[in-house]
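> Quick one: structure below, then a few questions.
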Amino acid sequence: ACWGTSWCRKFLNGQLRLESWGRLRLLDFFNVKNVYFARYGEPREGSRRVVLKRLGSAQELADIDTKICRRATGRGRCDLLQALPATEFASLNGDVRLLTPGAVEGWSDLVHCPSQRLLDRLVRRYAETKDSGSFLLRNLKDSERMQLLITLAFNPEPLVLQSFPSDEGWPFAKYLGACGRMVAVNYVGEELWSYFNAPWEKRVDLAWQLMEIAEQLTNNDFEFALYLLDVSFDNFAVGPRDGKVIIVDAENVLVADKRLIRQNKPENWDVWYESKFDDCDKEACLSFSKEILCARVTVDHNYYAVCQNLLSRHATWRGTSGGLLHDPPAEIAKDGRLEALLDECANPKKRYGRFQAAKELREYLAQLSNNVR
């Protein structure tokens, strides 16, 4: 019951060296995110930094084992290898041609409302098999198929990174491989949080990029809308050289297929959907209905999430308030346009105001940072 084996040889060959090996036991107690930093070296290339993710706490991983055992044997402990063939992960065996929506719908955010087109993409781009490139499920070995399904059900982040890869311009960290219950992704840079008090020009550029990411995930040529259901300063990082903002936590991404919505025409499918502002007293909270995200073609969720939780005065994080664009220079504060656009984007007063505010905010931030590219 693991995420993959493609990097096991690298672990065994000693090509990976944890940066804080001596402190690892101690870190296990404090490492809420289950993230470890390591150096990875190819023989002739020198070493580079990578991030190893466990995709769940020790308790969450123990829970998945217990669940598998209960489904298979009725008991809480068992031999996982023997138990897996008796679970739904094994029902999609070598005779099954395609991974279909009916089989996996609702297993995780990624497949809350999957289309056949999305599932074919997941199988075709599955990186933990030597024969990737085929969307036929039966072309995977039994063990690979089981890995794919368990990853999909437990924490689909690796599949998001594989299906929407960074080298095709998607704003996610690059997936490198897996061994057992550890996956490796490229190290992007410091978390967005460490730029909270950066110079104003830097913060304007980062804010512009965040709004561009919200736009790209909402409207793209592939007609998949990727909605970020968890948006906080910890979920983004910034490249030290290129200054590029990248999503580094993609566990809670819901993918809606706009082509399928247009085809099926659910009730109100073509009515623009405005997310409700959520003035809760916790950090980084969002209100959304997964059912609505799955049933409308035009949705402002990503603009709302970025404006409310990162950019506007409503953004609170680790005891701070004011968001990434806090304390603007006097002339910008006096002009008042930035504050008005951020407010309308976070908590719109006009009908469809957020759609318009998000568009104007992107243009205004581009102008402020001379970023018209």
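> Looking at Asp109, Asp120, Asp142, Asp131, can you tell me which residue is within 17 Å of Ala250 (Cα to Cα), open to solvent by 10 Å² or more (accessible area, probe 1.4 Å), assigned by the TED database to the domain that holds Arg17 and charged (D, E, K, R)?
Working: Asp120 fails: within 17 Å of Ala250 (Cα to Cα); Asp142 fails: within 17 Å of Ala250 (Cα to Cα); Asp131 fails: within 17 Å of Ala250 (Cα to Cα).
Just a single option satisfies the conditions, and that option is Asp109.
> In addition: Among (1) in contact with an Asp or Glu (Cβ under 7 Å, 6 or more places away or on another chain); (2) more than 19 Å from Arg54 (Cα to Cα), where does Leu119 come up short?
The number of the failed condition is (1).
> Out of Ala333, Ala305, I need the residue that is in contact (Cβ under 8 Å) with a residue 12 or more places away in the chain and either among the hydrophobic types (A, V, I, L, M, F, W, C) or open to solvent by 60 Å² or more (accessible area, probe 1.4 Å) (or both). Which one? Explain how you work it out, then say what you get.
Values: Ala333 fails: in contact (Cβ under 8 Å) with a residue 12 or more places away in the chain.
Ala305 is the lone residue from the list that is in contact (Cβ under 8 Å) with a residue 12 or more places away in the chain and either among the hydrophobic types (A, V, I, L, M, F, W, C) or open to solvent by 60 Å² or more (accessible area, probe 1.4 Å) (or both).
> Ala178 passes all but one of (1) touching a strand residue (DSSP E or B) at 6+ places or on another chain (Cβ under 9 Å); (2) assigned by the TED database to the domain that holds Arg351; (3) surrounded by 19 or more Cβ atoms within 10 Å (Cβ to Cβ); (4) not in a loop (DSSP other than H, G, I, E, B); which number fails?
Result: Ala178 passes all but (2).
> While we're here: Does Ala207 satisfy the condition of being crowded, with 21+ Cβ neighbours inside 10 Å, in the same structural domain as Asp257 (by the TED database) and among the hydrophobic types (A, V, I, L, M, F, W, C)?
Details: crowded, with 21+ Cβ neighbours inside 10 Å: yes; in the same structural domain as Asp257 (by the TED database): yes; among the hydrophobic types (A, V, I, L, M, F, W, C): yes.
It is true that Ala207 is crowded, with 21+ Cβ neighbours inside 10 Å, in the same structural domain as Asp257 (by the TED database) and among the hydrophobic types (A, V, I, L, M, F, W, C).
> Next up: What's the total number of residues in segment 349-370 that are touching a helix residue (DSSP H, G or I) at 6+ places or on another chain (Cβ under 8 Å), surrounded by 12 or more Cβ atoms within 10 Å (Cβ to Cβ) and either closer than 17 Å to Ala214 by Cα or of a type in the set (D, E, K, R) (or both)?
Of the residues in that region, 12 qualify.
> Sort through Arg75, Arg117 and tell me the only one that's free of Cβ contacts under 8 Å to residues at least 40 places away in the same chain and in contact with a helix residue (DSSP H, G or I) (Cβ under 8 Å, 6 or more places away or on another chain).
Result of the check over Arg75, Arg117: Arg75.
Residues checked against (1) among the charged types (D, E, K, R); (2) in a loop (DSSP other than H, G, I, E, B):
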| site | (1), (2) |
| --- | --- |
| Ala284 | no, yes |
| Ile292 | no, no |
| Leu325 | no, yes |
| Glu331 | yes, no |
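> Can you go through Cys285, Cys294 and tell me which one is buried (at least 19 other Cβ atoms within 10 Å of the Cβ) and either within 24 Å of the chain's Cα centre (by Cα) or among the hydrophobic types (A, V, I, L, M, F, W, C) (or both)? Give the derivation first.
Details: Cys285 fails: buried (at least 19 other Cβ atoms within 10 Å of the Cβ).
The match here is Cys294.
> Looking at (1) at positive phi; (2) at pLDDT 95 or above; (3) not hydrophobic (A, V, I, L, M, F, W, C), find the lone condition where Arg259 falls short.
Status for Arg259: all satisfied but (1).
> In addition: Looking at segment 253-275, which of its residues are under 22 Å from the mean Cα position of the chain (by Cα) and surrounded by fewer than 16 Cβ atoms within 10 Å (Cβ to Cβ)?
Correct list: Arg259 only.
> Please tell me if Glu144 is more than 27 Å from Asn13 (Cα to Cα), out of contact with any strand residue (DSSP E or B) (no Cβ under 6 Å at 6 or more places or on another chain) and in a helix (DSSP H, G or I).
Numbers: more than 27 Å from Asn13 (Cα to Cα): no; out of contact with any strand residue (DSSP E or B) (no Cβ under 6 Å at 6 or more places or on another chain): yes; in a helix (DSSP H, G or I): yes.
When the stated conditions are applied, Glu144 does not pass them.
Condition check ((1) over 19 Å from Pro156 (Cβ atoms); (2) among the small types (Gly, Ala, Ser); (3) without any contact (Cβ under 8 Å) to a residue 12 or more places away in the chain) across all residues:
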residue: Val238; (1), (2), (3): yes, no, no
residue: Val245; (1), (2), (3): yes, no, no
residue: Val248; (1), (2), (3): no, no, no
residue: Arg259; (1), (2), (3): yes, no, no
residue: Asn264; (1), (2), (3): yes, no, yes
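> Return the residue satisfying two criteria in turn: it lies in segment 181-190 and is more than 24 Å from Ile150 (Cα to Cα) and of a type outside the set (Gly, Ala, Ser), and of such residues it is most open to solvent (accessible area, probe 1.4 Å).
The initial filter retains those residues of segment 181-190 that are more than 24 Å from Ile150 (Cα to Cα), namely 187-190.
Imposing the further condition that a residue be of a type outside the set (Gly, Ala, Ser) reduces the set to 187-188, 190.
Working: Tyr187: 59, Val188: 23, Glu190: 104 Å².
Of everything passing the filter in segment 181-190, Glu190 is most open to solvent (accessible area, probe 1.4 Å).
> Pro43 - would you say it is open to solvent by 80 Å² or more (accessible area, probe 1.4 Å), not basic (Lys, Arg) and not assigned by the TED database to the domain that holds Val104? Give the derivation first.
On the way: open to solvent by 80 Å² or more (accessible area, probe 1.4 Å): yes; not basic (Lys, Arg): yes; not assigned by the TED database to the domain that holds Val104: no.
Against the criterion (open to solvent by 80 Å² or more (accessible area, probe 1.4 Å), not basic (Lys, Arg) and not assigned by the TED database to the domain that holds Val104), Pro43 does not qualify.
> What about Trp193, is it hydrophobic (A, V, I, L, M, F, W, C), surrounded by fewer than 21 Cβ atoms within 10 Å (Cβ to Cβ) and in contact with a helix residue (DSSP H, G or I) (Cβ under 8 Å, 6 or more places away or on another chain)?
Values: hydrophobic (A, V, I, L, M, F, W, C): yes; surrounded by fewer than 21 Cβ atoms within 10 Å (Cβ to Cβ): yes; in contact with a helix residue (DSSP H, G or I) (Cβ under 8 Å, 6 or more places away or on another chain): yes.
For Trp193, the condition - hydrophobic (A, V, I, L, M, F, W, C), surrounded by fewer than 21 Cβ atoms within 10 Å (Cβ to Cβ) and in contact with a helix residue (DSSP H, G or I) (Cβ under 8 Å, 6 or more places away or on another chain) - is met.
> Hey, another quick one. Is it the case that some residue within segment 311-323 is of a type in the set (Lys, Arg), open to solvent by 30 Å² or more (accessible area, probe 1.4 Å) and without any contact (Cβ under 8 Å) to a residue 60 or more places away in the chain? Steps first, please.
Restricting attention to segment 311-323, the residues satisfying the condition of being of a type in the set (Lys, Arg) are 313, 318.
If we keep only those that are open to solvent by 30 Å² or more (accessible area, probe 1.4 Å) as well, we get 313, 318.
Okay, now just the ones that are also without any contact (Cβ under 8 Å) to a residue 60 or more places away in the chain, so 313.
Looking through segment 311-323, at least one residue is of a type in the set (Lys, Arg), open to solvent by 30 Å² or more (accessible area, probe 1.4 Å) and without any contact (Cβ under 8 Å) to a residue 60 or more places away in the chain.
> OK, next. Can you go through Gln216, Gln209 and tell me which one is free of Cβ contacts under 8 Å to residues at least 40 places away in the same chain and either closer than 18 Å to Glu128 by Cβ or not hydroxyl-bearing (Ser, Thr, Tyr) (or both)? Full working, then the answer.
Numbers: Gln216 fails: free of Cβ contacts under 8 Å to residues at least 40 places away in the same chain.
On inspection, the qualifying residue turns out to be Gln209.
> What number goes with the only condition from (1) open to solvent by less than 50 Å² (accessible area, probe 1.4 Å); (2) touching an Asp or Glu at 6+ places or on another chain (Cβ under 9 Å); (3) closer than 19 Å to Arg259 by Cβ that Phe164 does not pass?
(2)
The values are calculated or read from the model by the stated rules, or taken from the named source; none is laboratory data. All of these numbers come straight from a predicted model, not from anything done at the bench. Here Cβ is always computed from backbone atoms with ideal geometry, including for glycine, and neighbour counts include all displayed protein chains. Accessible surface is based on the protein model in full, side chains and every heavy atom, while ligands, DNA and RNA are left aside. Shrake-Rupley method; radii C 1.70, N 1.55, O 1.52, S 1.80 Å.
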